[in-house]
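Heads up: the structure comes next, in structure tokens.
The values are calculated or read from the model by the stated rules, or taken from the named source; none is laboratory data. The structure displayed is predicted, hence computed values, not measured ones. We place every Cβ from the backbone using ideal geometry, glycine too, and count neighbours over all the protein chains shown. Surface accessibility is based on the protein's heavy atoms, side chains included, excluding ligands, DNA and RNA. Shrake-Rupley method; radii C 1.70, N 1.55, O 1.52, S 1.80 Å.
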Amino acid sequence: MSKTGLAVYLDFADAIKRDGRKTIEAKYGNLFEMYEKITGENPYELPMMIYPAVHYTMGGLWVDYNLMTTIPGLYALGEANFSDHGANRLGASALMQGLADGYFVIPYTIGDYLATIGPADKIPVDSPAFKEAEQKVHAQVEQLLAIKGTRPVDELHKELGHIMWEYCGMSRTAEGLKLAKQKIQALKKEFWTNVKVLGDSEEMNQALEQASRVADFIELGELMVDDALNREESCGGHFREEHQTPDGEALRDDANFAYVAAWEYQGEGKPEVLNKEVLEFENVKLTQRSYK
Amino acid sequence: MKINLKVWRQKNTNTAGKLVEYQLDNVSEDMSFLEMFDVLNDSLTRKGEDPVTFDHDCREGICGMCSMYINGRAHGPQTGATTCQLHMRSFNDGDTIVVEPWRARAFPVIKDLMVDRSAFDRIIQSGGMYR
Ligand code: FES
């Protein structure tokens, strides 16, 4: 058992015996080096501690084919958008999206947009939309500084992380997700009444920055839980334990869930509305993926 | 383990800075150097004292955001390693560790251990790296 009490072990001893240390080194040398730096243990000699970590959102902002969000002129690239990866962006696969969006899409689409607005159409900073956004940010900053509670931002941030780690990781259940929703709502209340942010808004203030982000993460975390609860199937990085084949593989339900869930914001405190974007496959057939 | 820290504190670019001493009694050898600073900042915040500003982002050795000049060496005692990949087991119980920002005229201190690196960004933007 490891010190954390969480890890299972991945042992390379047999592979090293079979293929030789040189081969393993050539394949995984840099990963083994990273592992040794983090844990202080040599994975060529001791089994590695592993754990199925939370895999982020598996999604992002809704964009059109030109990578523009629902706000005209605001583009989202790479992992920040939802577009290419579907239910699985494990490993470094999301790098592809960063590269594809950056090299092949945005250089063409952004120019097209800029050409339509012309150089004179700058958005004036006294426009009502700008004023409203600026005022909102100011109000939130003042609110965060005024709470003067007892708990550092980082502690609340970590608490949110633990909830997501425990109940909204690769493997989830309806029961766990419902509990997570309650816990996140309680944490949200705690955050907005008891967070402690020192300093002011006129200087470099990392705790204030972090508090603004954590406020967002709380919203996003709850949305991820809602989405995971809604999707009554297993798919990619979303393994609902209720939905598995007799031998423990992910069980999809293509008849009911072959869609992208685009959740639409309805305003503070209101539940998001689900828009289903149906996935149509013209050249490939949906099949069961086997990792065996 | 117990660690004594001497950390450069500087309110902003225009104010003179100085080394301030802190003592941490409960440092785990498995902590990264930045996690050790999280512990320090947690205790400073609870006491109502200004936490130490330092740059960080990915904390997995990829992005290059973390900096710090540790005991007179960039990123501390290891070679080819970022500060976030430096762990406290590289130090001994009772050690005194001096932590400063990266000092260079082109990179003025913004606050504490954070410096303004935009000069470097401009070099990259003009294609000055890896060419
Ligand atoms: S924080 Fe990204 S490399 Fe250290």
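Quick one: which residues, 5+ away or cross-chain, put their amide H under 5 Å from the amide H of A:M170? H built at 1.01 Å from N.
Long-range HN contacts for A:M170: A:H55.
Using a 1.4 Å probe on the protein heavy atoms only, what accessible surface does A:L61 show? Give it in Å² to the nearest 10.
In the full protein context, A:L61 sits at about 100 Å².
Using a 1.4 Å probe on protein heavy atoms only, how many Å² of accessible area do A and B hide from each other, summed over both chains and rounded to 100?
Buried area (both sides, nearest 100 Å²): 1500 Å².
On the accessible surface of chain B, probed at 1.4 Å, how many percent belong to carbon and sulfur atoms?
49
Can you give the local net charge around A:S171? Use residues other than it whose beta-carbon is closer than 10 angstrom to its beta-carbon, Lys and Arg +1, Asp and Glu -1.
With Lys, Arg at +1 and Asp, Glu at -1, the net is +1.
Tell me the mean residue ellipticity at 222 nm calculated for chain A from its helices only (DSSP H runs of n ≥ 4, each -39500 (n - 2.57), averaged over every residue, nearest 500).
Values: 9 runs with 130 residues, N = 292.
One gets -14500 deg cm²/dmol as the mean residue ellipticity at 222 nm.
Could you work out which residue, out of A:S93, A:S234, A:S171, moves most in a Gaussian network model of chain A, that is, has the largest mean-square fluctuation with Cα springs under 10 Å?
Among A:S93, A:S234, A:S171, the largest mean-square fluctuation in the Gaussian network model of chain A belongs to A:S93.
In what order, largest first, do B:Y69, A:Y9 sit by accessible area if the probe radius is 1.4 Å?
A:Y9, B:Y69
Quick one: which bits of segment B:88-128 get at least 40 Å² less accessible when the partner protein chains are in, versus the chain alone, with a 1.4 Å probe?
Listed by number, the residues meeting the 40 Å² cut-off are B:R89, B:K111.
Towards the positive end of the charge dipole of segment A:147-267, with charges on Cβ (+1 Lys, Arg; -1 Asp, Glu), say which of A:Q266, A:A250, A:M204 has the farthest Cα.
Value: A:M204.
Does anyone have the angle between helix B:33-46 and the longest principal axis of chain B? Alpha-carbon axes, 0 to 90°, nearest 10?
60
Antiparallel DSSP bridges in the protein assembly as shown: what percent, to the nearest 5?
Taking every DSSP beta bridge with both residues in the protein assembly as shown, the antiparallel ones total about 75 percent.
Tell me, what % of the accessible area of chain A is carbon and sulfur with a 1.4 angstrom probe? Please list the in-between numbers first.
Details: 10980 of 18850 Å².
The C+S portion of the solvent-accessible surface of chain A is 58 percent.
Could you sort A:F239, A:F104, A:F32 by accessible area so the largest value comes first, with the probe set to 1.4 Å? Don't skip to the end; give the middle numbers.
Values: A:F239 45, A:F104 150, A:F32 5 Å².
The most accessible residue leads, giving A:F104, A:F239, A:F32.
Give me, ordered by chain and number, the residues 5 or more places off A:A258 or on other chains with an amide H under 5 Å from its own placed amide H.
Those lying under 5 Å, H to H, from A:A258: there are none.
How about segment A:24-50: which of its residues lose at least 50 Å² of accessible area in the presence of all protein chains relative to their chain isolated, using a 1.4 Å probe?
The answer is A:K37, A:I38.
Specify the angular offset, from 0 to 90 degrees and rounded to the nearest 10, of the alpha carbon long axis of helix A:106-117 from the longest principal axis of the alpha carbons in chain A.
The angle comes out at about 10 degrees.
With runs of 4+ DSSP H residues as the only contributors, calculate the mean residue ellipticity of chain B at 222 nm using -39,500 (n - 2.57) per run, divided by the residue total and rounded to the nearest 500.
-5000 deg cm²/dmol, from helical runs alone.
Under 5 Å between amide hydrogens, which residues at least 5 positions from B:F91 or on another chain qualify, with H placed 1.01 Å from N in the peptide plane?
Amide H neighbours of B:F91, under 5 Å, 5+ apart: none.
Residues of segment A:140-164 that become at least 10 Å² less accessible with every protein chain present than in their own chain isolated, using 1.4 Å: which are they?
SASA drop of 10 Å² or more in segment A:140-164: A:T150, A:P152, A:D154, A:E155, A:K158.
What average number of partner chain Cβ atoms lie no more than 10 Å from the Cβ of the residues making up B:38-50?
Taking all residues of B:38-50 together, the mean is 3.
Pairs A:K189/B:K47; A:K37/A:K148; A:K3/B:K2; A:K131/B:K47; B:K11/B:K47: which exceed 27 Å Cα-Cα? Working shown, then result.
On the way: A:K189/B:K47 23 Å; A:K37/A:K148 39 Å; A:K3/B:K2 20 Å; A:K131/B:K47 37 Å; B:K11/B:K47 18 Å.
Over 27 Å apart, Cα to Cα: A:K37/A:K148; A:K131/B:K47.
Would you look at the GNM of chain A, springs on alpha carbons closer than 10 Å, and say which of A:H162, A:H238, A:H55 moves the most?
Between A:H162, A:H238, A:H55, it is A:H162 that shows the largest mean-square fluctuation.
Please tell me the relative contact order of segment A:110-242 in percent, rounded to the nearest whole number, where contacts are Cα pairs under 8 Å and at least six residues apart. Numbers along the way, then the final one.
Working: 122 pairs, mean separation 42.3, N = 133.
Averaging sequence separation for qualifying contacts and normalising by length gives 32 percent for segment A:110-242.
For the protein assembly as shown, what is the accessible area per residue in Å² when the probe is 1.4 Å?
With all protein chains present, the protein assembly as shown gives 61 Å² per residue.
Return the whole-Å distance between the Cα centroid of segment B:40-92 and the Cα centroid of segment A:139-216.
Between the Cα centre of segment B:40-92 and that of segment A:139-216, the gap is 23 Å.
In debye, nearest 20, what is the charge dipole magnitude of segment A:63-171 about its Cα centre with +1 on Lys and Arg Cβ and -1 on Asp and Glu Cβ, if you could check?
I would put it at about 180 debye.
Got a sec to turn the phi values of segment A:154-169 into Karplus ³J(HN,Hα) couplings, 6.51 cos²θ - 1.76 cosθ + 1.60 with θ = phi - 60°, whole Hz, x for Gly and Pro?
After applying 6.51 cos²θ - 1.76 cosθ + 1.60, I find 4, 5, 5, 4, 5, 4, 4, x, 5, 4, 5, 4, 6, 10, 10, x Hz.
For segment A:9-86 and segment A:235-292, write down the distance between their C-alpha centroids in whole Å.
Spelled out, the Cα-based centre of one part sits 22 Å from the other.
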